Amino acid sequence: MKIKSVSIKEEFFLNEFAGEFWIFSKNDYNNGSVSGLTALNGAFIYLWGQLEKGLTVDELIQALADKKNMDLDDAEADVHEFLARLINGNIVEVVTINKKPEKRMRLKGLSGLHTVSGSKTNHKINGK
């Protein structure tokens, strides 16, 4: 699944409590943090702020890499962990990109099955 965009649901907000930052729900009458989520670290607090600004997933990765002076692979892993926690906590709305399924067909004049996706065709000629 490729995520196109993520937005924080209106009922959730980030707040400091006892020296740590937690995600709270406006609908929680007990004033407790969201169940199952631990206090957020500095990178997650930064990402929350960027998500509030409406950044895309790719923009979140680049912003974190720039802010923390990280390589893109490490930033991507941190962003994915952050988003997974928000998705599992049902804190965000997620829009995904539906990829077209690949079609496998026999192409005239070529042996074997060939994968066709979009306008590209990947094929093996004579088993190579």
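Filtered by the rule that a residue be closer than 17 Å to Leu14 by Cβ and of a type in the set (Gly, Ala, Ser), the stretch 50-84 gives Gly54, Ala63.
When the residues of the stretch 45-72 are filtered to those that are among the polar types (S, T, N, Q) and in a loop (DSSP other than H, G, I, E, B), the one that is surrounded by the most Cβ atoms within 10 Å (Cβ to Cβ) is Thr56. Looking only at the stretch 1-23, filter to residues that are over 17 Å from Phe82 (Cβ atoms) and at pLDDT below 80; which one of those is surrounded by the fewest Cβ atoms within 10 Å (Cβ to Cβ)? Only one residue fits best here, namely Ala18. Of the residues making up the stretch 85-101, those that are under 18 Å from Ile8 (Cβ atoms) and part of a strand (DSSP E or B) are Val92, Glu93, Val94, Val95, Thr96.
Consider the stretch 24-51 and keep the residues that are hydrophobic (A, V, I, L, M, F, W, C) and at pLDDT 85 or above. The one that is farthest from Lys68 (Cα to Cα) is Leu51.
The values are calculated or read from the model by the stated rules, or taken from the named source; none is laboratory data. Here the structure is a predicted model, which means the values were calculated and not measured. In this analysis, Cβ positions are derived from the backbone assuming ideal geometry, glycine residues included, and neighbour counts consider all displayed protein chains.
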